[in-house]
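Every number here is computed from the coordinates shown, using simple stated rules; none is lab data. Values in this document were obtained by computation on a predicted structure and should not be read as measured data. Every residue, glycine as well, gets a Cβ built from its backbone with ideal geometry; the counts of neighbours run over all protein chains shown.
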Number of protein chains: 2
Amino acid sequence: MPIATLKLYHSPSSPNSRRVRAFLDEKNLPIPLVAIDLAAKEQFSQAYRAINPRSVVPTLVIDDGTAIGEVPAIWRFIEESYPEPPLLGSNPKEKALITMWERRMELEGFAAVMEAVRNAVPGLKGRALAGPHAYEQIPALAERSRQRVQDFYVDLNARLSAVPFVAGAFSAADITAAVTVDFATKAIDMPIPVALTALRRWHEKVSARPGMAA
Amino acid sequence: MPIATLKLYHSPSSPNSRRVRAFLDEKNLPIPLVAIDLAAKEQFSQAYRAINPRSVVPTLVIDDGTAIGEVPAIWRFIEESYPEPPLLGSNPKEKALITMWERRMELEGFAAVMEAVRNAVPGLKGRALAGPHAYEQIPALAERSRQRVQDFYVDLNARLSAVPFVAGAFSAADITAAVTVDFATKAIDMPIPVALTALRRWHEKVSARPGMAA
C-alpha cells in the first residue's frame, strides 16, 4: 500500500499521537499528517466525529476510507502492512511478550498519568475520561494515580536493571514507556526519581532515537 | 506446538480467565488448565508469583517455560500458533479493526465493571487495583463506573443495531463484550436494560456458542 494513500489525524501535543509518530519514524514511513486542534476542541467537530466518533486522536485513515482508532490498532495495521523493522515482534512468543509488556506500560504507566491529569486539570472539569461522554473529576483518584506513577517507576527500574529494553530488545513497549516518562515529567511534574539509575539510563538511550523527536 | 506442552493458570470464577477459555474453545484447543484458588489468595503465593509477578490470572506457560500474562497477549500467542479459525482477523485491516473494537469493549465495558467491583466490595478494601500494589478504594469511583457501564450498554446497542457482531463478523471482541455483560449482571447487578433489544439479541446469540460455557 503506497503510504500516500494513508493519513494520520493527530495532535502535535497529544502523547497518544506521539506513540504513533514515533512508531512510524522507527519504520521510516513518512505518512501524511493532519493536525487536529485540541485547544479549539476540533476533535468534537462534526467533521472529525465522522472519522472518530469517540472524538479522540490519533486516527489512521486507510486507502478505502476505513478509520482505525486506538494506538495498538493503528500500530497493528502498520506492522502488518510494513513489517520491517518489526516493533511488535517477529514470532509468536515475541509477539505475545511485546503485547504483554506494552500493555503493562500503558495500563500501569501511561493510563495512570492520564488519569492524574484528567482528574485534576481545571480545563478538563466534566471531562475526566476521554471519549463522547461527560464524567466529573474525582480529586481522590488524581492523588491515587500519582502514587501509581511512583510505583510504576520503581517497578520499571527493577525490570530495566535486568534487561536493556522493556521487552528484552527495543520494541513498541519502549515507545509507550518513554512517552509515559515525558508525559509524567511535563504534565504532572513527576520526572524519574534520581535514585532510579537503570530507568534513567534507559530513558536517555531511548530518547536519543530520532523517532522520539517525531 | 503440541497443546499438551502448554498450561493455562486460571480461576473458574475469574472473568479474565473466561475470556481465554472461551477463545480456546472457539479454536477447539483443550489446553491443560491449572486452577488458582483466589478465595485462598493462592495468586499471592510464592509459587504463583514466580509465574506471574503481578499475582493475577490468567497466565499461559509455554513449552520453554516462558510465562505470558495479560489476556490480549495470551490470545496473540494462541492465534499466531493456531491460526484457525481466526478470532483476531485475517488481514491487516481486519486485525486492526478487531484490535480497536476489542480494546473499546475492554476499556469502556470490562474495565468499568471491574472498577465498580474493586472500589466497592468490602473484601477488596486496600486492593482497589489488581496487581502487586495496595491502593485504597474510592467510593465515588465505583459510582462513576456504574454510569460508565450504562453508557457502554447504550453505545454497544447502537453499534449492534447496525452490524451482527461487534467488529462485523464474530471475533474476540464479542468474547470480551459478552463476558462483560455477564460480569456486570452477576457482580454489580447491572443486566442489559430491557429496552436495548439489539444488544439483548446479540447477547443471546453469542451466549449460545459452546465457548461461552467454557
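Report relative contact order for the stretch A:3-81 in percent, whole number only (criteria: Cα-Cα under 8 Å, sequence separation at least 6).
Dividing the mean separation by the residue count of the stretch A:3-81 yields 36 percent.
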TODO: Return B:Ser90, A:Ser11 ranked ascending by Cβ neighbour count within 10 Å, so the fewest neighbours appear first.
DONE: B:Ser90, A:Ser11
Open item on the list: Rounded, prolate or oblate, given the Cα gyration tensor of the protein assembly as shown, with a/c below 1.5 counting as rounded?
Closed with: rounded
Open item on the list: With unit charges on the beta carbons (Lys and Arg positive, Asp and Glu negative) and the dipole taken about the Cα centre of the protein assembly as shown, which residue among B:Pro72, A:Met105, B:Pro92 sits farthest to the positive side?
Closed with: A:Met105
Open item on the list: To check you understand DSSP bridge types, tell me what percent of the beta bridges within the stretch A:1-108 (both residues inside) are antiparallel, rounded to 5.
Closed with: 65 percent
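Of all DSSP beta bridges located in the protein assembly as shown, what percent are antiparallel, nearest 5?
Working: 16 of 24 bridges.
Counting DSSP beta bridges with both partners in the protein assembly as shown, the antiparallel share is about 65 percent.
Taking a threshold of 24 Å on the Cα-Cα distance, which of the pairs B:Lys7/B:Lys27; A:Lys93/B:Lys95; B:Lys93/B:Lys186; A:Lys205/B:Lys93; A:Lys95/B:Lys186; B:Lys41/B:Lys205 fall above it?
Exceeds cut-off: B:Lys93/B:Lys186; A:Lys205/B:Lys93; A:Lys95/B:Lys186; B:Lys41/B:Lys205.
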Task: Only Lys, Arg (+1) and Asp, Glu (-1) charged, at Cβ; the stretch A:136-184 dipole about Cα centre in debye - done: 100 debye
Task: Over the stretch A:150-189, volume per residue of the alpha carbon convex hull, in Å³ - done: 58 Å³
Task: Residue order, fewest to most beta carbons within 10 Å, for A:Glu84, A:Glu42 - done: A:Glu84, A:Glu42
- [ ] Starting from the Cα gyration tensor of the stretch A:3-81, take the square roots of the eigenvalues, sort them a ≥ b ≥ c, and report rounded, prolate or oblate (rounded when a/c is under 1.5, otherwise prolate if a/b is larger than b/c, else oblate).
- [x] prolate
Open item on the list: Along the charge dipole of the protein assembly as shown, pointing to its positive end and built from +1/-1 on Cβ of Lys, Arg, Asp and Glu, which listed residue (A:Leu8, A:Gln147, A:Phe44) has its Cα farthest out?
Closed with: A:Gln147
Task: Of A:Gln137, A:Leu124, A:Ala178, farthest towards positive along the dipole that unit charges on Lys, Arg, Asp, Glu beta carbons give the stretch A:92-213 - done: A:Ala178
Task: Cβ-based net charge around A:Gly109, under 10 Å, with every Lys or Arg adding one and every Asp or Glu removing one - done: -2
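Summing Lys, Arg as +1 and Asp, Glu as -1, what charge do residues with Cβ under 15 Å from the Cβ of A:Arg201 carry, A:Arg201 excluded? Don't skip to the end; give the middle numbers.
Numbers: positive: A:Arg159, A:Arg200, A:Lys205, A:Arg209; negative: A:Asp174, A:Glu204.
The answer is +2.
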TODO: Would you mind giving the mean number of other chain beta-carbons within 10 Å of the Cβ of each residue in A:64-77, as a whole number?
DONE: 5
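Sum up the charges of everything whose Cβ sits under 9 Å from the Cβ of B:Pro92, counting Lys and Arg as +1 and Asp and Glu as -1, but leave B:Pro92 out.
Charge balance near B:Pro92 sits at 0.
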- [ ] Check every DSSP H run in chain A and write down those whose alpha carbon atoms cover 20 angstrom or more along the long axis and whose mean Kyte-Doolittle hydropathy is 0.5 or greater.
- [x] A:172-187
- [ ] Arrange the following residues from fewest to most other Cβ atoms within 10 Å of their Cβ: A:Leu87, B:Leu124, A:Leu196.
- [x] B:Leu124, A:Leu196, A:Leu87
- [ ] For B:Thr197, place a label point 7 Å out from Cα along the Cα→Cβ vector, do the same in each other copy, and report the separations in nm, one decimal, smallest first.
- [x] 6.9
Task: Label-point gap, in nm, between B:Val154 and A:Glu136 - each point 7 angstrom along Cα→Cβ - done: 1.7 nm
- [ ] Averaging sequence separations of C-alpha pairs under 8 Å and six or more residues apart, then dividing by the length of chain A, give the relative contact order as a whole percent.
- [x] 21 percent
TODO: Could you give the size of the charge dipole of the stretch A:7-47 about its Cα centre, using +1 on the Cβ of each K and R and -1 on the Cβ of each D and E, expressed in debye and rounded to the nearest 20?
DONE: 100 debye
Task: Paired Rg and Dmax values of the stretch A:92-213, which use every Cα atom, in angstrom - done: 15.0, 45
Open item on the list: So the label point sits 7 Å from Cα along the Cα-to-Cβ vector; using that for B:Gly168, what distances do you get to the other copies, in nanometres, sorted shortest first?
Closed with: 3.3
Task: All-pairs alpha carbon distance profile, chain A, 10 Å steps from 0, percent - done: 8, 33, 36, 20, 3, 0
Open item on the list: Considering only C-alpha atoms, what is the centroid distance from the stretch A:186-214 to the stretch A:1-71, in Å?
Closed with: 25 Å
- [ ] Report the charge-dipole magnitude of the stretch A:123-206 in Debye, nearest 20, computed about the Cα centre from +1 at each Lys and Arg Cβ and -1 at each Asp and Glu Cβ.
- [x] 40 debye
TODO: Could you pull the copy-to-copy label distances for A:Pro210, with points set 7 Å along Cα to Cβ, in nm to one decimal and sorted shortest first?
DONE: 5.4
